[in-house]
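Only one structure is covered here, and it is reproduced in the block below.
The values are calculated or read from the model by the stated rules, or taken from the named source; none is laboratory data. This structure is a prediction, so every number in the text was calculated from the model and none was measured. Here the Cβ positions follow ideal geometry from the backbone for every residue, glycine too, while neighbour counts run over all protein chains shown.
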Amino acid sequence: MAQYLVAHALAAEPEPLRSLVTASAGISAYGGDEPSLNSVRVLKSVGIDLRDHASQRLTQELIDRSFAIFCMTSSHRLLIESLFEPTTPHIYLMREFLPAGVEKEIPDPYGLELEVYEASRDSMVEAIPSILAFLRKEYKK
């Protein structure tokens, strides 16, 4: 969901942000899995089509091609830093740039009820303006 939400937001930005490519990858994901039905439903409700998405496992090659990596949880970030050789200094929680006192973690909704997916989506959407502000400041093509 995060990949598609961020890509949707980047499409409305001027260059060079508009041309940034987003990708989603999981540490324990299997390649080629379809998105969960609830992920498809909650993004469809905000006008984003997720049906053609296929999962992929995080690789060193993906990391090497990345300007920034945005994680859902601190444990995801720690796993990336311990299992891979991070070649970007920009590894953050998706909600890391939100004000102090705001929950920074986005729990994985996989296999849970639709309402949990909606809450996860909304947490991601809330983070996007701060991610865009970071990219406007830091990304230079």
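If R77 meets every condition in (1) closer than 17 Å to V6 by Cα; (2) within 14 Å of the chain's Cα centre (by Cα); (3) crowded, with 17+ Cβ neighbours inside 10 Å apart from one, which number is that one?
So the condition that R77 fails would be (1).
So if I check each of Y110, Y92, Y117, which one is assigned to a loop (DSSP other than H, G, I, E, B) and of a type in the set (F, W, Y)?
Checking each option against the conditions leaves just Y110.
Would you be able to tell me the number of residues in region 69-89 that are among the hydrophobic types (A, V, I, L, M, F, W, C) and in a helix (DSSP H, G or I)?
Here the count works out to 4.
Would you mind stating whether S66 is surrounded by 11 or more Cβ atoms within 10 Å (Cβ to Cβ), among the hydroxyl-bearing types (S, T, Y), outside any loop (DSSP other than H, G, I, E, B) and modelled with pLDDT of 95 or more?
No: the conditions fail for S66.
Can you tell me which of (1) touching a Cys at 6+ places or on another chain (Cβ under 7 Å); (2) farther than 16 Å from I128 by Cα is the one E15 doesn't meet?
(1)
Quick check on region 29-37. Is at least one of its residues part of a loop (DSSP other than H, G, I, E, B), under 27 Å from A133 (Cα atoms) and touching a residue at least 40 places away in the same chain (Cβ under 8 Å)?
no
Please name all residue pairs, on different chains or six or more residues apart, with Cβ atoms under 6 Å, provided the first residue is in region 95-113 and is of a type outside the set (K, R) and the second residue is outside any loop (DSSP other than H, G, I, E, B).
These pairs meet every condition: F97/S130; F97/F134; L98/S130; I106/S120; I106/S123; P109/V116; P109/Y117; P109/S120.
Run E103 past the list (1) within 19 Å of L58 (Cβ to Cβ); (2) at pLDDT 95 or above; (3) loosely packed, with under 13 Cβ neighbours inside 10 Å and report the number of the one that doesn't hold.
(1)
So is D108 touching a Ser or Thr at 6+ places or on another chain (Cβ under 6 Å), of a type in the set (D, E, K, R) and over 26 Å from Y139 (Cβ atoms) or not?
no
Can A23 be described as in a loop (DSSP other than H, G, I, E, B), closer than 19 Å to M72 by Cα and touching a Gly at 6+ places or on another chain (Cβ under 7 Å)?
It is false that A23 is in a loop (DSSP other than H, G, I, E, B), closer than 19 Å to M72 by Cα and touching a Gly at 6+ places or on another chain (Cβ under 7 Å).
Take S55 and tell me if it is modelled with pLDDT of 95 or more and either surrounded by 12 or more Cβ atoms within 10 Å (Cβ to Cβ) or in a strand (DSSP E or B) (or both).
For S55, the condition - modelled with pLDDT of 95 or more and either surrounded by 12 or more Cβ atoms within 10 Å (Cβ to Cβ) or in a strand (DSSP E or B) (or both) - is not met.
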